[in-house]
Every structure is written in structure tokens, then in C-alpha cells.
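Peer 1: One structure follows; several queries about it will come next.
The values are calculated or read from the model by the stated rules, or taken from the named source; none is laboratory data. Quick caveat: nothing in here was measured; it's all calculated off a predicted structure. Glycine gets a Cβ as well: all are built from the backbone with ideal geometry, and neighbour counts include every protein chain shown. In case anyone asks, the SASA skips ligands and DNA or RNA and just uses the protein heavy atoms, side chains included. Shrake-Rupley method; radii C 1.70, N 1.55, O 1.52, S 1.80 Å.
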Amino acid sequence: MQKMHILSDSLDQADEPPPLAAAESGETGTEVCPVSPDARAQANGSWEDWKWQMSNRIRGAAHLLNFFPHFKNTLSLGSVIKKYPLAITPYYASLIQRLDASDPIYAQCVPQVEELQNPACLSEDPLEENEDMPVPGLVHRYPDRALVIATTTCSMYCRHCTRKRVAGTREVSISSGRLRQIVTYLRAHPEIYDVIISGGDPLTMSTEALERVLSAIRTVPSVGVIRIGTRTPVVLPQRITEELVGMLRKYHPIWVNTHFNHPNELTEASQQACGRLADAGVPVGNQSVLLRGVNDSGPVMERLCRGLIRMRVRPYYLFQCDLVKGVEHFRTPLSRGIEIMEYLRGRMSGIAIPQYVVDAPHGGGKIPILPNYIVSMSPTHTVLRNFEGMLVAYPEPYGGTGYWDNVPSGQSAPGVWELAGGLNSHIEPVSLARMNRRCAHA
Ligand code: SF4
């Protein structure tokens, strides 16, 4: 088995934020390598074989104990696993550094009793996907997009999964009859331009089975883009083989959205997987979920996003946790997400900053959430705030509206009213780092 090397530890050292309070960084406790040497030896040279990883997933408490001899919480697992199945690839389990929920990998893959504690606001299907399914297995919510549930199997069952009602309850893939129904629906709806193959995780299917789905969808002339939603590069990167990407190439344009949540998931293996996709011309985006105790901190998200773009993966969305049963312990207030976006903006390039969205209950779709950058507006000026706290008056076009005729001239004590009225162009905080740099170079 190859020694696991977490790339994020070596990325962007020069840009690393200052040391954090332990709880903030998510890096409390002593880092250990708790995997049993026997469990590693069982791979017997097959560690890089994705099929070996799939068939040796950790599926129960005894298996977990075999992998982690010091694991203590087996008693509480049974009732949770009965409701929400357990599966962890040996690869993903080997990224665990501490055997408790303070470890971001452990928290995402090992069941916790809190999954059974649900306030009334949570439901099995908060996005009402079942209501937007004109054909079984096809969700049609937005005008030009549709989502195909190609399989209910995942290599790892994320404890925070939005489709907990589906993922792993049975491990089955789409039948040819259902695929035909879906293709018939797509042909009857030429407004659908973008089809997302999802699940479960479609990259757990055999290459041949996945190709059957892609080739069937490609027979619909109005479908322009096919996207694949998968966590495989994160939890089973060995699956991204040359054989797989060679098949994907035939059905371009193919896009992939994956799901890294924490910098500890950025390993050499995951980098190779994403690189292989990118080299095959597949743009790779990342959809993180904001998870309490895992990535609910600006510095952790900064390390994740910097590491992703280094791997040619574009941070695309940061999702607020859905109101799904079994995830209450992962939920953060919306204000936490706003704080993180405030932290990221200005600190990193725009290509590294995901869009923070709430996937609205009742099938309302994605709603982008931002800190407030518009401070005030008048007919002639909009007052904007930047990440430094500088206020800038953006003049509207003159355009013969008549509004500009009454703009007062001259200076007065600057305030937001004066900016909105065109009396001042900006207000900036004293001692800005940017201004200090200008002075140093003057
Ligand atoms: S891989 Fe995706 S569908 Fe599967 S459990 Fe994780 S989040 Fe859910």
C-alpha cells in the first residue's frame, strides 16, 4: 500500500494563514495513524485496484474494529447502521488521523448516534425531489436541466448525505427499461439541455454500465451537456482509470462535479484522479457542504479551495446543509457561511471562491447567499463596500434620466449619504495594507 501523503500540508505554505486556535483549525489532539497494520496488509498488493477497494469496504462494526483496533464506539453503531447504511473504502478510512468526531474524515464516514435525533424541521426529502420526478429516477426541476439517478450505490456513505433516503438502502443501478423511459422523456422535452448523472455515485458502476447510460442520453439531440455528480475522486480515486476517462472522452462535453469537504482529502491519489479527468478534457468542479466541526471555518475553507485549484478543480458551490433527517449535528447557522464568504473574498482569487447557496426546501432550488456589498443606492450613485471595508460610490450612467441635473457639487463631511448623493467618491479605512504597500513603493 502506498504511504498516504496529504498534499494540503505541503500546499501554499507561504500563503498559510497564521496559526489558529485549535478548535477553529479542526486540528486538535495528537495525530496518530490508527489503522491496524493487519488491515493494510490484507490488501495484498491490490490497494490501487478500485474493485478491491469496493469489495473490501467497511460495512459493519466488526469490520470497523478490524480496521481500527482502538475503536471504542461499536455498541452505539448498530441502530444507526440499520437506518442509514455504513460503507467506507479502506482508502478513505486510511485518511482518518483521530478516532473521534473531531477528525474531519471520521466525522464524514463513521456513523454517530446523533443521526437518529431529528428536530421537526427535518424531513427525508426536503428538496421534494420525489415530487419533481415525472419519470422514476429522473428529477426535472429547473427549466433546462434534469437529474438522472443512475444508481443507489456509493463507495462511501457520507453521514451528511442529502439522499440518505436513497443512498445505500439498496445497491442497484438503473434498469434498461427505466433508462428507455428517461430517454423518451428527454426527447419529449427538448428544452432540457443539461443532464446530470447522479445517484448514489455513478462512478461506482462498471465502465460498460455507465457507458450504456451516457450513450443512451447522447442519442437525444437536444442534450448539449452531460454532467456527472460523483464523490469518487475523494473516496475512491483509484476508480479514475485511463480506461474510464477513455470512455468518457467519447461523450464530450462531459463535466464532473465532485465533493471535497476538507483539505485532508487532498491526497496524491485524489490529485492524480482529478488530473486524469482534466487531462481528458473533463472540467472538474467541486461542491462542498458546510459541515459543523468539519469545514465551518474560514482558514479551513481557504486551505481546501487553494488546494483544489492547485489540482485543477474549480470550487463551484459551498452548500448550506440541507434540512434532511439525520444531519442535524452537522448543521451550522447561515451566519457561519456568510462569515466564511466574508473571510474568503479578497483573500483569494475569484476562481478559488465557491458560491455559497441554500438549496431551498420545498423544491425552491439553489439560492445564492452573500455578505451585503451594496450599502446604499440613489438614482445617481450606488454605494458599494469592498472586503477591506472601503466604501465606493459607483456613478450610474448619465443617460438622460434627469437625475444628474440635481446632483449637488462640492465636498462635505463624507458619509454614506454624501457618497450616494455624489458629493464624495469613496471612504476608506485608515492604514489599509494596500495603501501601505503603495507608500512603500512610492
Ligand atoms: S457519495 Fe454522494 S450520494 Fe453517496 S452518500 Fe456521499 S453525498 Fe450521498
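Peer 1: If you roll a 1.4 Å probe over the heavy atoms of the protein chains, what accessible area per residue do you get for region 292-383, in Å²? Please report the intermediate quantities before stating the final value.
Peer 2: Details: 3720 Å² over 92 residues.
About 40 Å² of surface per residue is accessible.
Peer 1: How much length is gained on full extension from Glu48 to Arg165, taking 0.36 nm per residue of separation minus their Cα-Cα distance?
Peer 2: Details: separation 117, 0.36 × 117 = 42.12 nm, distance 3.08 nm.
Full-extension gain reported as 39.0 nm.
Peer 1: Taking the Cα-to-Cβ direction at Arg438 and at Arg180 and moving 7 Å from each Cα, how far apart do the two end points lie in nm?
Peer 2: 7.0 nm
Peer 1: Report the FRET efficiency, 1/(1 + (r/R0)^6), for Val113 and Asp38, where r is their Cβ-Cβ distance and R0 is 25 Å, rounded to 0.05.
Peer 2: Numbers: r = 28 Å, r/R0 = 1.12.
For R0 = 25 Å, the calculated efficiency reads 0.35.
Peer 1: Another question about this same structure. Quick one: the Cα spread of region 130-363 along its three principal axes, in angstroms, biggest first?
Peer 2: 47, 39, 32
Peer 1: Next question. Given a Förster radius of 60 Å and the C-beta distance between Ser76 and Arg187 as r, what FRET efficiency does 1/(1 + (r/R0)^6) yield to the nearest 0.05?
Peer 2: Working: r = 50 Å, r/R0 = 0.83.
That pair, Ser76 with Arg187, gives E of 0.75.
Peer 1: Going from the alpha-carbon gyration tensor of region 374-441, what semi-axes, largest first and in whole Å, does one get by taking the root of 5 times each eigenvalue? Walk me through the numbers on the way to the answer.
Peer 2: On the way: eigenvalues 137, 28, 23 Å².
Its equivalent ellipsoid spans semi-axes of 26, 12, 11 Å.
Peer 1: Same structure, new question: Please compute the modelled spin-label separation between Ala413 and Arg218, points set 7 Å along Cα→Cβ, answer in nm with one decimal.
Peer 2: Placing both labels 7 Å beyond Cα along the Cβ direction yields 7.0 nm.
Peer 1: To the nearest 10 Å², what's Lys83's accessible area with a 1.4 Å probe?
Peer 2: Surface accessible to solvent at Lys83 totals approximately 100 Å².
Peer 1: Here's something else I'd like to know. Just to verify a number: what accessible area does Tyr373 come out at with the full protein assembly present, 1.4 Å probe, Å² rounded to tens?
Peer 2: Estimated to the nearest 10 Å², Tyr373 gives 50 Å².
Peer 1: A further question follows. Report the per residue volume, in Å³, of the convex hull enclosing the C-alpha atoms of region 189-232.
Peer 2: Numbers: hull volume 2.9 nm³, N = 44.
With only Cα atoms used, region 189-232 gives 65 Å³ per residue.
Peer 1: Please report, as a whole percent, how much of the solvent-accessible surface of the chain comes from carbon and sulfur atoms (probe radius 1.4 Å). Before the final figure, lay out each step's value.
Peer 2: On the way: 10790 of 19750 Å².
In the chain, the share of accessible area belonging to carbon and sulfur is 55 percent.
Peer 1: Another question about this same structure. Over 23 Å between Cα atoms, which of Lys72/Lys325; Lys51/Lys82; Lys82/Lys164; Lys51/Lys72 qualify? Working shown, then result.
Peer 2: Working: Lys72/Lys325 25 Å; Lys51/Lys82 25 Å; Lys82/Lys164 12 Å; Lys51/Lys72 29 Å.
Over 23 Å Cα-Cα: Lys72/Lys325; Lys51/Lys82; Lys51/Lys72.
Peer 1: Phe387: accessible area at probe 1.4 Å, nearest 10 Å²?
Peer 2: We get 110 Å² for Phe387.
Peer 1: Averaged per residue, what accessible surface does region 57-170 expose to a 1.4 Å probe, in Å²?
Peer 2: Details: 4260 Å² over 114 residues.
In whole numbers, region 57-170 has 37 Å² accessible per residue.
Peer 1: Please report, in Å, the Rg and the Dmax of region 321-442, where both are computed over Cα atoms only.
Peer 2: Gyration radius and largest Cα-Cα distance of region 321-442: 19.6, 61 Å.
Peer 1: Now a separate question. For Tyr106, Tyr316, what's the largest-to-smallest order of accessible area, 1.4 Å probe? Before the final figure, lay out each step's value.
Peer 2: Working: Tyr106 10, Tyr316 80 Å².
Solvent-accessible surface, decreasing: Tyr316, Tyr106.
Peer 1: Here's another thing I want to ask about it. List the aspartates and glutamates whose alpha-carbon lies under 13 Å from that of Lys83, not counting same-chain residues fewer than 8 positions away?
Peer 2: Glu114, Glu115, Glu124
Peer 1: Which of rounded, prolate or oblate describes region 156-200 when judged by the alpha-carbon gyration tensor and an a/c cut-off of 1.5?
Peer 2: On the way: a/c = 3.79, a/b = 1.83, b/c = 2.06.
Verdict is oblate for region 156-200.
Peer 1: Quote the Stokes-Einstein diffusion coefficient, in whole µm² s⁻¹, for the chain, based on the Kirkwood radius over alpha carbon pairs, a temperature of 37 °C and a viscosity of 0.692 mPa s.
Peer 2: Numbers: Rh = 24.0 Å.
Rounded, D is 137 µm²/s.
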